[in-house]
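The values are calculated or read from the model by the stated rules, or taken from the named source; none is laboratory data. These numbers come from a predicted model, not from an experiment. Quick reminder, even Gly has a Cβ in these numbers, built from the backbone with ideal geometry, and neighbours come from all protein chains shown. The area values use the complete protein model at the heavy-atom level, side chains included, leaving out ligands, DNA and RNA. Shrake-Rupley method; radii C 1.70, N 1.55, O 1.52, S 1.80 Å.
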Amino acid sequence: MIDRLTVDKIMDATNIVDVVGEFVTLRKAGVNYKGLCPFHDDKTPSFMVSPSKQICKCFACGEGGTAINFLMKHEQITYPEALRWLAKKYNIEIQEKELTDEERQEQSDRESMFIVNEWAMKYFEDVLRNDPDGIAIGKQYFRSRGIRDDIITKFNLGYALPKRDALALAAQKAGYKAEYLVKTGLCIARSEEGYSRSEEGEGRSGDTPAAESALEHISLHTPHSALHAPHSTLRDRYAGRVIFPWLNVSGRVVAFGGRLLDARTKGVQQKYVNSPDSEIYHKERELYGLFQAKKAIAKEDRVYMVEGYTDVIAMHQCGLENVVANSGTALSVTQIKLLRRFTQNITLLYDGDEAGIHAAMRGTDMLLAEGMNVKVLLLPDGDDPDSFARKHSAAEFKAYIEQNQTDFISFKTRLTVENVTDPVKRSEAIGGIVKSISVIPDQILRSTYLSELSQRMNIKEQTLLNSMNGMISKDIEEKEKEKSRSVEGGVWRENTPDADSATGHVSLHTPPSTLLENTPFAEVERLLVQAIVRDGEKVIFEGIETDDGQTISLTVAQYVAYDLGQDGLAFHDDRYNQILSEAAAHSGEQGFSAEEFFMHHPDIAISSLAADLAIDRHQLGPGFQVKEREDGLRQRVLHLVLDFRMDIIEKKLKEIKLQLKSVGSDMERMRQLLGEFKETQEIRDALARKLGNDVIR
């Protein structure tokens, strides 16, 4: 556990603008900051960050909270993990022993895997710098590629010793469990039987491509029991390879790539071996180099997409840092959305060979559909970004890109339409370009591209427009059919009258926020609890004399708790009741601030709610803020409490009316209900007079 004093120290040091800025490009907007929300497919900036309140909020999807809430949601990590992330960022020491078996046992698998990967990265780096083989073989390889020592350090490059269990032995000696070495993909559990090897790991069948493939095949399918079987041992996945660590957008080590050295790659198809998918790594969600590039991407408002590790590294060394790689995997929507947080402008920078052309063609439509502005540049024959960067300065490379990159229409036209004389093939090629335009979400941009294509192809714009509209309609129809199939599959059904809807029953799958919003008390309860969170500790009644002759004062929280408690009333949301209870209990304490207390609450549901209640969509600057009158807070709270009571009374009146309709010929029951109705009406009228409302009978 992290003690409260350390938590307070972490929270005092945290600047939410810095934290969110690690993942989202923020622009100043008055006293706040705005950016594209990372939690939904945001087209216009709706994610606001308030430096004064140290909270964030998306006014489209509703996500937000403190820096802790943001990290937990964004990185899919636990509360302690978020605290450790912040502690690392602000160089705050946390007194925790991570290396004993007992303490690692208490950590989640996910955190344990991160810890093992972090250790492995440092191990590989240390081997490269200090081991004789690391210096003679690993470092020599990087130097032969022209990679400087500062770039080696920047990308945490390393080397794995050729001995097949070197890392496994070192890790277990350091106290790391075999279970996590296998789960991360660093090692492979393999039966000793039939495994040809020497003690030093040389001249064995494991060096052959077939053995490499076999090791890959069994990596994630080894039974858990095999990790502890008496005739089982661990073998290093990356033995004899130079190492490229994968850091996620927040800088945590999620995976590794290992490359065979040039002398061993002859006749080997699989030069690179990458980590298998795991709880902390999914290749379709990560981009190599993004952590090192994200600040440059935001600054330049453009990202260069290349194919491999060495392309990224060479361009950084050249001076172009806004570059990432998908490293041989097909570009995914998740990766595109990850990039879109930092920029909407992307240049695909690939080799000019057939593979490079195919890679550029494959990703274009997906990028366009996600609202990216796409440029394409195929380098001259014989060059890839790595070799080109080594031959040119940053200024020369950048100038070449500016002069030679083309928009996707020019790129696709040159590849698929030019020099094609067959009418059918030409028509199909033009249709492919129209299809690409049709996926662009911005209507004005679609129209602009369509007009440009019309001029290029000498085809009437209306003809192209009709074709595009047909494609869009067909896509919508397909999506509707898919939605219908998903709905009929048993997940949920929409607009279908059934017993649940007839009785007003809410599905167990309905989010809590929906449950609350569907009640008549939602807005009043929210405003009342918002007053408790923002001003719960403020005194609104002074000098009140009690029955035993004592004089007391009541804070906002204490008054609300007292008033509702008189009649046993409670909120419909348990979180609201918890906030009221804790605020009333603590609000008399010296130095207590309800807003700070609940925003840093250890219950993440409470802290998230408090942050949501504390933030305003529009925040005025200090010179424009209007100070509430001295008695304004008291009057507002009194009014909200009365409104809350009025809602309860109105609900009771409706319930009595429904019962009167179904009472039938039971006159005694009818007289009883009419009496209740009259008594409730009188209470309602009295409340209305206090509120200054006219009552319509």
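Taking every protein chain into account, the accessible area of segment 31-100 amounts to 43 square angstrom per residue (probe 1.4 Å).
Just the protein heavy atoms count here, and of the accessible area of segment 411-474 at 1.4 Å, carbon and sulfur take up 50 percent.
To the nearest 10, the accessible area of residue 668 is 110 Å² with a 1.4 Å probe.
How much length, in nm to one decimal, is gained on full extension between residue 390 and residue 668, taken as 0.36 nm per residue of separation minus their Cα-Cα distance? Provide the component values of the computation, followed by the final result.
Numbers: separation 278, 0.36 × 278 = 100.08 nm, distance 9.64 nm.
That works out to 90.4 nm of additional length.
Heavy-atom accessible area, probed at 1.4 angstrom with all protein chains present, ranks 444, 437 as 444, 437, highest first.
What the phi angles of segment 12-22 give under the Karplus curve with 6.51, -1.76 and 1.60, with θ = phi - 60°, is a coupling list of 5, 7, 6, 10, 5, 5, 5, 5, 5, x, 5 Hz, glycine and proline written as x. For the listed peptides 309-317, 387-395, a ranking on the average number of other beta carbons within 10 Å per residue, highest first, reads 309-317, 387-395.
The largest accessible area among 36, 569 belongs to the first residue in 569, 36, and the rest follow in falling order (1.4 Å probe, all chains).
Of 57/481; 43/481; 73/375; 28/73; 73/398; 139/337, which pairs sit farther than 29 Å apart, going by alpha carbon to alpha carbon?
Working: 57/481 34 Å; 43/481 25 Å; 73/375 32 Å; 28/73 23 Å; 73/398 37 Å; 139/337 36 Å.
Distance filter (> 29 Å) returns 57/481; 73/375; 73/398; 139/337.
What does the charge count near residue 256 come to, summing +1 for each Lys or Arg and -1 for each Asp or Glu among other residues with Cβ under 10 Å from its Cβ?
On the way: positive: 237, 241; negative: none.
Net charge in that neighbourhood comes out at +2.
Look at the alpha carbon pairs under 8 Å that are at least 6 residues apart: their mean separation over the length of segment 329-439 gives a relative contact order of 26 percent. Between the amide H of residue 29 and those of 34, distances stay under 5 Å, these residues lying 5 or more places away or on another chain, with hydrogens modeled in the peptide plane. Between residue 28 and residue 544, residue separation times 0.36 nm minus the direct Cα-Cα distance comes to 181.1 nm.
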